[in-house]
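Take a look at the structure set out below.
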Amino acid sequence: MTLPLITTKSEEIFAAAQKIMPGGVNSPVRAFKSVGGQPIVFDRVQGAYAWDVDGNQYIDYVGSWGPAICGHAHPEVINALKEALEKGTSFGAPCLLENILAEMVIDAVPSVEMVRFVNSGTEACLSVLRLMRAFTGREKLIKFEGCYHGHGDMFLVKAGSGVATLGLPDSPGVPKAVTIPTLTAPYNDLEAVKQLFKENPNEIAGVILEPIVGNAGFIPPDGGFLEGLRLLTRENGALLVFDEVMTGFRIAYGGVQEKFGVTPDLTTLGKVIGGGLPVGAYGGRRDIMSMVAPAGPMYQAGTLSGNPLAMTAGIKTLELLQKPGTYEYLDKITKKLSNGLLQIAKETGHAACGGQISGMFGLFFTSGPVHNYEDAKKSDLAKFSRFHRGMLERGIYLAPSQFEAGFTSLAHTDEDIDQTLAVAREVMSSL
Ligand code: KE4
């Protein structure tokens, strides 16, 4: 990597993109609005690396926001897709591949006895909310400030991710009537949840949360928080929903619910289970899932749901993740990265906190601790932007927002981590 970073072609392509697509992107966070500067236009990815259209190579810690956990374009996934392509791209009819991936998800995720595939995490969360309401006959839901559950109207209340990045706590176009039943509490605050149940007796369908937050930056649950929510929801006849779109098959093969030993009633999934192709899923207790059409009255449908290509990529990805030592490896290299970044921040005089669990990590430029979104917002966002740009110019591609998490993969090597830490030391010394 030579400085200054040459991004001529990225600039040309992104300038043209802004004329024909809102903000030049198909998902807001990609526009680098939160960190500023020229977004990088990707040309190709492989393993732990990405190359932009100007030929610059990066060690990639976004991994398409989670799906690339086995490394980008894993040859076994690509070959499986090539084979599947010969049989067609979409059936719109039942196919064996759906059974296979469904069985794998049911075998892996403690809460899932039955599952429905959809085409995105947003669709999974929209559907699971409708199911929560259908099953309980109640309308209200509790979500947590800074948690992001896709762009469904009822969730865009103090959401995280791109909404937090863009400072749009309530997006225009969301009818007040739709968000009134959405109650919010600070993450890790059981007392606040207890109070909401007290103020809304028998009206709350359920509680939905990221069991480890990735959309307000990386924020793990405090000890007892998940267990407390399990108890509170049971006591109040409400459902507990883990949105594991980001954490599913990343924190452990069975997700946060396996690693932390707390089983929700329903779970949403996405990203990893599609191996990089569009996918989402919601699943849980059989008595609840049996309400979903056509087995039951709760309607939900999708043209490309369960399509053979996404199923194929998901099956192969989960097969790769089943190999012994997978999660130990992810934890080892990500711990080295996270601890290294924190140590370097300390040595170069920057207040910082953060951590990692398995292949998911985060770093805040604040002394912390960060227990919730309010704490996260105390970070030095300007310093994060300078850090992001400095790392980018030296070939390290981090998520372009303080309110995102970082992701490693099985393709990241010790040498990649060493290289990343060496660059981080150079950048932090100059911040
Ligand atoms: P999608 O609709 O983007 O597939 O999934 C929505 C979603 C739901 N739940 C959780 C916990 C999520 O993290 C997401 C999506 N994550 C973001 C990353 N912060 C996707 C990146 C983007 O919006 O471009």
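The values are calculated or read from the model by the stated rules, or taken from the named source; none is laboratory data. These figures come from a predicted structure and were not determined experimentally. No Cβ is skipped: glycine too gets one built from the backbone with ideal geometry, and neighbour counts run over all protein chains shown. Heavy atoms of the whole protein, side chains included, go into the accessibility calculation; ligands, DNA and RNA do not. Shrake-Rupley method; radii C 1.70, N 1.55, O 1.52, S 1.80 Å.
Figures for the structure shown
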{"item": "Hey, ILE273 of a type in the set (Val, Ile, Thr) and either open to solvent by 10 Å² or more (accessible area, probe 1.4 Å) or farther than 18 Å from THR233 by Cβ (or both) or not", "result": "yes"}
{"item": "Subset of region 132-155 [within 11 Å of the ligand (Cβ to nearest atom) and either within 19 Å of ASN119 (Cα to Cα) or free of Cβ contacts under 8 Å to residues at least 24 places away in the same chain (or both)]", "result": "TYR148, HIS149, GLY150, HIS151, GLY152, PHE155"}
{"item": "Inter-residue pairs, beta-carbon under 7 Å, first under 17 Å from ASP375 (Cα atoms) and in region 197-223, second away from the ligand (no atom under 15 Å from the Cβ) and not in a loop (DSSP other than H, G, I, E, B), 6+ apart", "result": "GLY217/PHE364; PHE218/GLY354; PHE218/GLY355; PRO220/GLY355"}
{"item": "Region 391-415 - residue that is open to solvent by 10 Å² or more (accessible area, probe 1.4 Å) and in a helix (DSSP H, G or I) and, of those, nearest to the ligand (Cβ to nearest atom)", "result": "GLU393"}
{"item": "Cross-chain or 6+ apart pairs with Cβ under 6 Å, region 47-73 first and open to solvent by 20 Å² or more (accessible area, probe 1.4 Å), then of a type in the set (Phe, Trp, Tyr)", "result": "GLN57/TYR49; GLN57/TRP51"}
{"item": "Total residues in region 11-24, condition within 16 Å of the ligand (Cβ to nearest atom) and surrounded by fewer than 17 Cβ atoms within 10 Å (Cβ to Cβ)", "result": "3"}
{"item": "Enumerated helices (runs of 4 or more DSSP H) restricted to region 192-306, each holding at least 1 residues that are within 16 Å of the ligand (Cβ to nearest atom) and farther than 19 Å from HIS151 by Cβ", "result": "225-235, 255-260"}
{"item": "Filter result for LYS176 (over 30 Å from MET311 (Cβ atoms) and open to solvent by 30 Å² or more (accessible area, probe 1.4 Å))", "result": "yes"}
{"item": "Region 145-191, subset of a type in the set (Ser, Thr, Tyr) and not in a loop (DSSP other than H, G, I, E, B), residue modelled with the lowest pLDDT", "result": "THR165"}
{"item": "Residue match in region 310-326 (condition: within 14 Å of ILE417 (Cα to Cα), modelled with pLDDT of 95 or more and aliphatic (A, V, I, L, M))", "result": "no"}
{"item": "Filter result for ILE212 (among the hydrophobic types (A, V, I, L, M, F, W, C) and in contact with a His (Cβ under 8 Å, 6 or more places away or on another chain))", "result": "no"}
{"item": "Single unsatisfied condition, PRO39 versus (1) on the phi < 0 side of the Ramachandran plot; (2) more than 19 Å from the chain's Cα centre (by Cα); (3) away from the ligand (no atom under 16 Å from the Cβ)", "result": "(3)"}
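Conditions (1) over 27 Å from SER379 (Cβ atoms); (2) modelled with pLDDT under 95, marked per residue:
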{"residue": "MET1", "(1), (2)": "no, yes"}
{"residue": "THR7", "(1), (2)": "no, no"}
{"residue": "PHE14", "(1), (2)": "no, no"}
{"residue": "LYS19", "(1), (2)": "yes, no"}
{"residue": "VAL29", "(1), (2)": "no, no"}
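Yes/no matrix, rows are residues, columns are (1) crowded, with 18+ Cβ neighbours inside 10 Å; (2) part of a helix (DSSP H, G or I); (3) touching an Asp or Glu at 6+ places or on another chain (Cβ under 7 Å); (4) not small (Gly, Ala, Ser):
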| position | (1), (2), (3), (4) |
| --- | --- |
| VAL77 | yes, yes, no, yes |
| LEU81 | yes, yes, no, yes |
| LYS87 | no, no, no, yes |
| GLY92 | no, no, no, no |
| ASN99 | no, yes, no, yes |
| GLU103 | no, yes, no, yes |
| ASP107 | no, yes, no, yes |
| ARG116 | yes, no, no, yes |
| CYS125 | yes, yes, yes, yes |
